[in-house]
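Quick notes on the structure that follows.
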Amino acid sequence: MNNLKFVSYMSNQAQVLTNEGIEQLLFQIREKNKRLAITGILLLIQGKFVQYIEGEATEIDKVYEKIKLDSRHNDLVLLDSGELNTRQFKDWSMAYKKIGDDQIKEILGHAELNLDDLFLYPSQQKTHPVLKVLYNFTNSLST
Ligand SMILES: Cc1cc2nc3c(=O)[nH]c(=O)nc-3n(C[C@H](O)[C@H](O)[C@H](O)COP(=O)(O)O)c2cc1C
């Protein structure tokens, strides 16, 4: 059955990853995602991970439980989740982008993106500008 779901969250990197560390993480993620037909995008913004994953609902639930327990990050906050009719990132087992302040300014019109607020005031989750930054890439990467 085609029961699609998505989850997006933000977390603090446990330690600053080198480029090599990121590549290793992406290699592991992409191998497993290909196997489970999970697609999505991982952003690195101000030392924080912002990730969107989509796929078959039971697989997404299982992987998200694993991700929550991963010691490579902490303080994970759920930003958004829900059902999907069609995939946004069907060709991407995990796209990756490191986002600088310039790009944030391009997308939001201003450079201020107070991500730490989200850890303090979780009620902002579903409307926080970081979701605008995240979903901005939906249009540019999906075909
Ligand atoms: C920021 C971050 C993003 C991750 N994203 C994924 C992902 O999209 N898919 C996945 O299978 N594992 C992802 N992982 C890895 C999982 O936490 C976990 O290590 C992996 O699923 C373990 O799989 P295994 O127990 O089956 O070997 C991510 C880890 C981190 C730190």
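Peptide packing: for 50-57, 7-14, the average count of neighbouring Cβ atoms within 10 Å per residue gives the ranking 50-57, 7-14, highest mean first. Cross-link reach is defined here as a Cα-Cα straight distance under 20 Å, omitting same-chain residues fewer than 8 places apart; for Lys62 the lysines meeting it are Lys5, Lys32, Lys34, Lys90. Compute the whole-percent fraction of alpha carbon pairs in the chain spaced more than 26 Å apart. Roughly 19 percent, once rounded to a whole number.
Bridge orientation summary for the chain: considering DSSP beta bridges with both residues in this region, about 85 percent are antiparallel.
Quick check for you: with a 1.4 Å probe and neighbouring chains kept, what is the accessible area per residue of the chain, in Å²?
So the chain comes to 58 Å² accessible per residue, rounded to a whole number.
Calculated mean residue ellipticity at 222 nm for the chain: -12000 deg cm²/dmol, from DSSP H runs with n ≥ 4 weighted as -39500 (n - 2.57), summed, divided by the residue count and rounded to 500.
Among Lys48, Lys98, Lys62, the largest mean-square fluctuation in a Gaussian network model of the chain, built with springs joining Cα atoms closer than 10 Å, belongs to Lys62.
Which whole-number percentage describes the relative contact order of segment 43-143, with Cα contacts under 8 Å and a sequence gap of 6 or more?
36 percent
The values are calculated or read from the model by the stated rules, or taken from the named source; none is laboratory data. Just so it is clear, the structure is predicted and the values come from calculations on it, not from any experiment. Neighbour counts are summed over all protein chains in view; Cβ atoms, including those assigned to glycine, are modelled from backbone coordinates with ideal geometry. Please note that ligands, DNA and RNA were not included when accessible areas were found on the heavy atoms of the full protein model with its side chains. Shrake-Rupley method; radii C 1.70, N 1.55, O 1.52, S 1.80 Å.
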